[in-house]
Every structure is written in structure tokens, then in C-alpha cells.
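Only the coordinates and a few stated rules stand behind these numbers; no lab work does. Please read these numbers as outputs of a predicted model, since none were measured by experiment. Cβ sites come from the backbone with ideal geometry, for glycine too, and all protein chains shown count toward neighbours.
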Amino acid sequence: MEAWHKTVERASWGTFADIRNTFNSADKAGEFVVFDVGAGYRIIAVVHFNRNKVFLRHVYAHAEYDDWNEQQRKRSRK
């Protein structure tokens, strides 16, 4: 996670495609960006491109992420 943090601090992203150029495993989940940071963890963040800010919302182990992701899918169907 420290390497992820250092990379994000140096980044200047304008679009999700820019994030994918830096982290090719990044995914979108609604308004969130999901980063697979290894060691069994995922970071859920909100990226404000206009402010060049990344806000961490959650850090989950993969099993916890699966539960969170299922909840997000259910919300988007409503």
C-alpha cells in the first residue's frame, strides 16, 4: 500500500483512462475507483479529477470487497 500511496501522490490524472495507464488493474464501481494493491487488499476511492484529489473510502480484504461490490450492484439496480 505504501507504493500505491507514493504513486498516487505523484499522479496528475484527468480521466479514468489516465488512472488505468498508471494502474492497469483499476476498475470503476459506480462513482468509486477500485485499486487492487496486492497482498489481498483493495482500496476503494473517490477521485476528484478537477481538484487532483483522491479520497480513500475503504480498504478491504478481497472477501470483504466481494461483499461490498455485491451491495453496490444491488444499489445500482434500484
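Observations on the structure shown:
- Test item: Cα-centred dipole of the chain, Lys/Arg +1 and Asp/Glu -1 on Cβ, debye: 380 debye
- The GluC sites (Glu not before Pro) found in the chain that occupy coil by DSSP, while having at most 13 further C-beta atoms within 10 Å, are GLU31.
- Separation in nanometres of the label points that stand 7 Å from Cα toward Cβ, at LEU56 and ARG77: 3.2 nm
- Among ILE43, HIS58, TRP13 the positive-end extreme of the charge dipole of the chain (Cβ point charges): TRP13
- Modelled label reach - SER12, point 7 Å along Cα→Cβ, the stretch 29-60 residues with backbone N closer than 18 Å: 48-54
- Remark: the VAL46-GLU70 segment gains 6.8 nm on full extension, using 0.36 nm per residue and subtracting the alpha carbon distance.
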